[in-house]
1. Has region 48-64 got any residue that is farther than 19 Å from Ala151 by Cα, crowded, with 20+ Cβ neighbours inside 10 Å and under 16 Å from the mean Cα position of the chain (by Cα)?
2. Provide a single number: the residues in region 136-168 that are away from the ligand (no atom under 11 Å from the Cβ) and of a type in the set (Val, Ile, Thr).
3. Please work out if Ala81 is over 14 Å from the mean Cα position of the chain (by Cα), closer than 12 Å to Val129 by Cβ and open to solvent by less than 10 Å² (accessible area, probe 1.4 Å).
4. Against the definition (assigned to a helix (DSSP H, G or I) and at negative phi), how does Ser96 come out, yes or no?
5. Is it true that Arg44 is touching a residue at least 12 places away in the same chain (Cβ under 8 Å), more than 11 Å from the ligand (Cβ to nearest atom), under 26 Å from Pro217 (Cβ atoms) and within 18 Å of the chain's Cα centre (by Cα)?
6. Taking Ala200, is it touching a helix residue (DSSP H, G or I) at 6+ places or on another chain (Cβ under 6 Å) and over 28 Å from Ala37 (Cα atoms)?
7. Check every one of the helices (runs of 4 or more DSSP H) wholly within region 107-222 and list those with 2 or more residues that are open to solvent by less than 20 Å² (accessible area, probe 1.4 Å).
Amino acid sequence: MRASERWAAQLAGWAIPDEILEGASTSPWQLDAATFAVDDTLDRSTLAAAIARAELPAAGGSVLDVGCGGGRASMALVPPAEFVIGVDESHAMLASFSGAADAAVVESLAIPGRWPDVASDTPRADVVVCHHTAYNVADIVPFVDALTDHARGAVVMVLPALHPRSAWNEAWKHFWGLDRPTGPTASDFADVLAELRIDAVRWEMPRPALSRHGEDPATLVPTALRILCLGEDRRDDVAAYLDAHEPAWVRMHDVFRWSGTAR
Ligand SMILES: C[S@@+](CC[C@H](N)C(=O)[O-])C[C@H]1O[C@@H](n2cnc3c(N)ncnc32)[C@H](O)[C@@H]1O
């Protein structure tokens, strides 16, 4: 099996059985815009930011942020970046991105839609960043190709070493008796790049700080209920479980940098 097919097949393994999904009041895959918002926790000194910043000129540089969320990847590059483009399929995330750009007093463009479907409407940029989005993308080859052909300098991709939902695998076993997958991993993504003959450099870095909302302990139980497709009636059980079992947070992230082909 090709690496890109293995990537898609492993992602398909995360599907939640229909009988569990039918009982869920909100989608377990829903992402909260507040979790990905730019706030005072934003770390501009991460390895990924340094690698991306090296692609920017001292003035007038542009960043394209694909799967931008609230813009934590691109806003870490302002300054020196003077133009930030965000692409996201979620309107709530894009509104958060635009608000962050306004607060940073930087020119911005928000493009709603799915990458690479909206790639032809998206300007090219000096550097393309894509953080924490690859595990959402089954059809990874056109996604990566469109990143590459939008970067004049380089693409900088960040993904957790393991699928982030693997943090909840033990809880799935506890509450539903279900074994969840562990792949794909960042190494599977490296295999995809190799298959595409993309010459990428790969580093590891510690997980950067989350937003204040993402770190807020008060969000843990509601998040767990949603992710585990459990109703409010299980709130006390989930709280007691989490007191004794911290989710297996993925604390290492992989950074990939490869050259773009845009002119
Ligand atoms: C886990 S969040 C990460 C947000 C941000 N990059 C960060 O690191 O804080 C993933 C984001 O990617 C978006 N997304 C996922 N697949 C996408 C696609 N194919 N095209 C555009 N946006 C996508 C989601 O809506 C979400 O905002």
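1. Checked against the condition, which is being farther than 19 Å from Ala151 by Cα, crowded, with 20+ Cβ neighbours inside 10 Å and under 16 Å from the mean Cα position of the chain (by Cα), region 48-64 yields no hits at all.
2. Total meeting the criteria: 5.
3. yes
4. Considered against the rule, which asks whether it is assigned to a helix (DSSP H, G or I) and at negative phi, Ser96 comes out as yes.
5. Yes; evaluated as a whole, the condition is true for this residue.
6. yes
7. 140-148, 169-176, 186-195
Okay, residues lined up against (1) near the ligand (Cβ under 8 Å from one of its atoms); (2) of a type in the set (Asp, Glu); (3) modelled with pLDDT of 95 or more:
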{"position": "Ala95", "(1), (2), (3)": "no, no, yes"}
{"position": "Gly99", "(1), (2), (3)": "no, no, yes"}
{"position": "Ala103", "(1), (2), (3)": "no, no, yes"}
{"position": "Ser108", "(1), (2), (3)": "no, no, yes"}
{"position": "Arg114", "(1), (2), (3)": "yes, no, yes"}
{"position": "Ser120", "(1), (2), (3)": "no, no, yes"}
{"position": "Asp126", "(1), (2), (3)": "no, yes, yes"}
{"position": "Ala134", "(1), (2), (3)": "no, no, yes"}
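The values are calculated or read from the model by the stated rules, or taken from the named source; none is laboratory data. Everything quoted here is computed from the prediction, not taken from an experiment. With ideal geometry, Cβ positions are generated from the backbone for all residues, glycine too; neighbour counts draw on all protein chains shown. Note: accessible area is taken over every heavy atom of the protein model, side chains too, but ligands, DNA and RNA are not part of it. Shrake-Rupley method; radii C 1.70, N 1.55, O 1.52, S 1.80 Å.
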